Amino acid sequence: MLRKLSSIVFWVFAILTVAEGVDRSLFKTCDQSSFCRRLRKYEQNQSPYLLDLPHLEVNYQNIEVPLLNSDFPNVTLRLTLTAIVGNIFRVTINEVNGLHPRFVPQYALNGEPQVAKLEVLDKSAESLTVKSGDNKVILTAKPLKLEFFHRESLVSAVNENGLFAFEHYRTKPAESETDLQIKDDPGAWEENFKSHHDSKSRGPSAISTDFTFPGAQRVYGLPEHGDRLALRTTTKGGQDPYRLYNLDVFEYELDTTTALYGAIPVIYALGPKHTAGIFWHNAAETWVDITNSKDANVVSSLVNLVSGSKGEPHVDVRFMSESGVLDFFFLIGPTLKDAVKQYTSLTGVHALPQLFTLGYHQSRWNYNDQEDVQTVVARFDEHNLPLDNMWLDIEYTEGKKYFTWDQKKFPTPENMIQNLTSTGRKLVVIIDPHIKRESGYFLHEDALKYDLYVKNKDGTVYEGWCWPGASSYLDFYNPATRDYYKKLYGFDTFKGTTHDVWIWNDMNEPSVFNGPEATMPRDCLHYGGWEHREVHNEYALTHTMVTHEGLLLRSPHRRPFILTRGHFAGSQRYSAVWTGDNDAKWSHLAASIPMCLSEALGAMSFCGADVGGFFHNPEVELLQRWFQAAIWLPFFRQHAHIDTRRRESYLYTEEEINRIRMALRLRYAHLPLWYTLFWEQETGGEPVIRPLVYHYPADENVLDIDNELLVGHSVLARPIVEPGESSVEIYLPGDKKAKWYDLEDFKLYRAGSHRLPVNLDRHLVFYRGGTIVPRKDRPRRSSQAMRHDPFTLYVALDDLNSASGALYVDDYESFDYKDKKYLYLHFNFEKNVLSSKLIDKTDYATQEWIERIVILGPPPGITGAKLVSKSVGTVTLETFYDAEGWSLTIRKPGVTIREPFKVTLI
């Protein structure tokens, strides 16, 4: 009875918390985080650290040198500098013979980085210069400083401001913590510090260092935050640093540096001459201070005086982590594109997804039963609204026990799934890492029996609260847990599922409703003896990683699809991501663009936001605008809270339905482009969506633009994110000759600022001159129904009347493409000839062909076209201009994409 009463009280509290929005008092500020507060008090240029260069060790791959602290002469650290293939350096600093081992993330890196040759150029007692390729590093002994050069240009300096810190387990706290009361962190180890001689109490172990980027104008990165793309200055005005600590934040606020569900510790400092990056390889709570000279004139002058930069713009970045090894990768660049690709070379890329995952996903918490699911799909078909995926939230389970079905609401799930697949649709169901503590529930009983749960510090099983009530949490660092868990996705265990059921991993920050900051206490223990504080930000990655293994085990011939909320560096190898519990507000629609652009720079391109907002009920105008915006983000899902009104697209007026239908069809028409970009992302490491600054870094006008985005390099979208707009400002980048074509009527615009009219039926999308965009324009009900449809090529000519583009095709679902069963085509238009050729020497027996060619900005006076190919021979084709002469259409080339062809305008 007592447990039941406690459960009722808990649920009342949870509902009130959701209804009232985010409660800031639940989450720490830097002042409430003892290590952040402590490190932020460090004085600049007072560094006690020095390199013991006489004891330097050098080999082909790296150098190692003792690092001393003059305040603690009995403690020795070791600095290791390694050159990594691809213009990357790695620096690690760890204790020598420390009392306890320090944690290094186990799964962020996509394998061990390949080392490059490192050679010593100059050595003395005061400094050391080493070289790798076109890059060199100068290490200054006293005080410690590392300077990174590309050729002869200084790119960045480490510990330029003397803020390096490495608290070791022998060190007592630098300030008294006796009276500190932090209600949401009862396990904080600083407050439990007993004695530096007590091996059971580890004491402070925070690490920190600063990076100075001379010449940098902006810094980007550090997803996930509800903030602008360009990172703000945090060292003035009492602002908090950017916090990286995966948290379940209800109805999160915007324009803030507070933590959210994901933590990707990578930044890029961009300047007109050079761009470089830092990947901070640490899974503990991390705070990042930013000082940008554009925002902080007083601080700027002081730093300029110290650095001798004479007013040159610059950015200072300081990482501060609670624990772990100090381990960072310096990404030399020299461009933003180079630095992003260097980061993905370390942490990996999205595997090519199945085509259906790029279609439209329909979800809510929750669809009531099997009949409800089938009715929704039928109504979508009735109104000619394309749909690929239906989703089920936690209510589909029996009493919120994962890998089970509610037998009353979903008595025959296999029939429901078969009905979906017969119409070309898939099902996605939720599986979270918290396990209901219920006697007789097989998963809970097995986890106890085989010792698979996270532990309390005393070795007992940890118990917290989440949606099922009393729950325990699987420890995915335990090999036995991973081996057990991946088998749960098998059809003999997760009965009723098929190869067309995919997975949504939610609440995996991990979310613990009654835990400190709604997450797991830091002194909980994982396999290997690691405290949760060490692994926290990596925990969600371990969850999706094992889910991915389970789906491969279950369906070895199909590419897995997983959506995750919690994420870390490397999560892109296993899952897509969404921006979490957003709100039905215009501001949250606007924020979805910079949030996903930031994720894309952190290699998480497969990003989206819940259409319409998860919380509350969107006004109809907002919902329509959200659809128009969301079609230009890679992950495209509508989702809503259990207390919201139903908002399926067919529930509105015919005019409103038509507006949503047109947005959906525009998304589906561009599926060939999205699919090609994901292939190029897997093979080349470039993000699928990109901020304007990615391709136009020398244009100062684009440095802060984050209400526009590029899909690849060919499409620019400017969503409408304010109510009642009749015209909006848009900036089209490029030189004076650059051409952009309005997708609505193919009207030509030159680069520069424009104020253009809009209405509810129109948002702003442009094709860049010089690109060729492959589309499938026949309206269908799902991507499955489009598989064999023909292509239309949109050839947008540049100022030289030329254009190029690519198309990737395979079977859209299997791994056969890894055995070279695919087509990767290059299209080129110049001198009035459109040609096609295979980029790779591969083949795939597709039925797809070219149905139309539309040339934007065409030459005048064209009366026809001539097609030449091996199978068709020579054929004369019809052409016609549109009424304004802005486009020229070539009808029915009818040529397969499997063979080269040429189309000549005549």
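Values quoted throughout were computed directly from the atomic coordinates according to the rules given, and no laboratory measurement underlies them. These figures come from a predicted structure and were not determined experimentally. Glycine also receives a Cβ, built like all others from the backbone with ideal geometry; neighbour counts cover every protein chain displayed.
Values computed for the structure shown
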{"read-out": "For region 454-537, diffusion coefficient by Stokes-Einstein and Kirkwood Rh (Cα), 20 °C, 1.002 mPa s, µm²/s", "value": "151 µm²/s"}
{"read-out": "Alpha-carbon Rg with Dmax, taken over the chain, Å", "value": "28.1, 90"}
{"read-out": "Calculated from backbone phi, Karplus (6.51, -1.76, 1.60) coupling profile of region 846-860 in Hz, x at Gly/Pro", "value": "7, 9, 6, 8, 9, 9, 8, 10, 10, 9, 9, x, x, x, x"}
{"read-out": "Helical contribution to [θ] at 222 nm, DSSP H n ≥ 4, -39,500 (n - 2.57), averaged over the chain, rounded to 500", "value": "-5500 deg cm²/dmol"}
{"read-out": "Low-density loop cleavage sites - trypsin sites (Lys or Arg not before Pro) in region 830-906, where at most 16 other Cβ are within 10 Å (DSSP)", "value": "LYS831, LYS841, LYS870"}
{"read-out": "Long pairs among LYS400/LYS436; LYS341/LYS486; LYS837/LYS902; LYS837/LYS866; LYS273/LYS294, criterion Cα-Cα beyond 19 Å", "value": "LYS341/LYS486"}
{"read-out": "Isolated Cys in the chain, by beta carbon distance under 4.7 Å", "value": "CYS466, CYS524"}
{"read-out": "In region 773-857, the GluC sites (Glu not before Pro) that fall in loop regions by DSSP, at most 13 other Cβ within 10 Å", "value": "none"}
{"read-out": "Given charges at Cβ of Lys, Arg, Asp, Glu: the chain dipole, positive-most of SER439, ILE906, MET390", "value": "ILE906"}
{"read-out": "Highest-first arrangement of 624-630, 538-544, 118-124, 349-355, where packing means the average Cβ count within 10 Å", "value": "538-544, 624-630, 349-355, 118-124"}
{"read-out": "Euclidean distance of C-alpha centroids, region 557-575 and region 589-665, integer Å", "value": "21 Å"}
{"read-out": "FRET efficiency, 1/(1 + (r/R0)^6) with R0 60 Å, evaluated for ALA883 and ASN514 via beta carbons", "value": "0.35"}
{"read-out": "Distant-in-sequence amide H partners of ALA165 (H built 1.01 Å from N, under 5 Å)", "value": "SER208, THR209"}
{"read-out": "Gained length - ARG891 relative to ASP799, 0.36 nm times residue gap less alpha-carbon distance", "value": "30.6 nm"}
{"read-out": "Placed amide H near LYS892: partners under 5 Å, 5+ positions off or other chain", "value": "ILE853"}
{"read-out": "Surrounding net charge for TYR268, when Lys and Arg each add one and Asp and Glu each subtract one, Cβ distance under 11 Å", "value": "+1"}
{"read-out": "Overall dimensions of region 761-906 as given by Cα atoms, namely Rg and Dmax in Å", "value": "15.6, 47"}
{"read-out": "Kirkwood hydrodynamic radius of region 640-741, Cα pairs, Å", "value": "16.6 Å"}
{"read-out": "Cα-based convex hull volume of region 312-432 per residue, rounded to whole Å³", "value": "222 Å³"}
{"read-out": "Hull-based mean projected area of region 520-565, where the convex hull spans the alpha carbons, in square nanometres", "value": "3.9 nm²"}
{"read-out": "Neighbour net charge for GLY528 - beta-carbon separation under 11 angstrom, K R +1, D E -1", "value": "-3"}
{"read-out": "Angstrom value of the Kirkwood radius, inverse mean 1/r, which spans all Cα pairs in region 498-635", "value": "16.5 Å"}
{"read-out": "Positive-end residue of GLY215, LEU50, HIS670, charge dipole of the chain with Cβ unit charges", "value": "HIS670"}
{"read-out": "Cβ-placed point charges (K, R +1; D, E -1), dipole of region 59-162 about Cα centre in debye, nearest 20", "value": "100 debye"}
{"read-out": "Net lengthening on full extension, HIS788/GLU64 (0.36 nm per residue, minus Cα-Cα)", "value": "254.8 nm"}
{"read-out": "Per-residue ³J(HN,Hα) for region 834-840, Karplus 6.51 cos²θ - 1.76 cosθ + 1.60, θ = phi - 60°, Hz, x for Gly and Pro", "value": "9, 10, 10, 8, 7, 6, 10"}
{"read-out": "Phi to ³J(HN,Hα) by Karplus 6.51 cos²θ - 1.76 cosθ + 1.60 over region 577-588, Hz, x for Gly, Pro", "value": "9, 10, 7, x, 7, 7, 10, 7, 10, 4, 5, 6"}
{"read-out": "Percent of beta bridges antiparallel (DSSP, the chain, rounded to nearest 5)", "value": "85 percent"}
{"read-out": "Under-5 Å amide H pairs with ALA576, H placed in peptide plane, nonlocal only", "value": "ILE562, LEU563, THR564"}
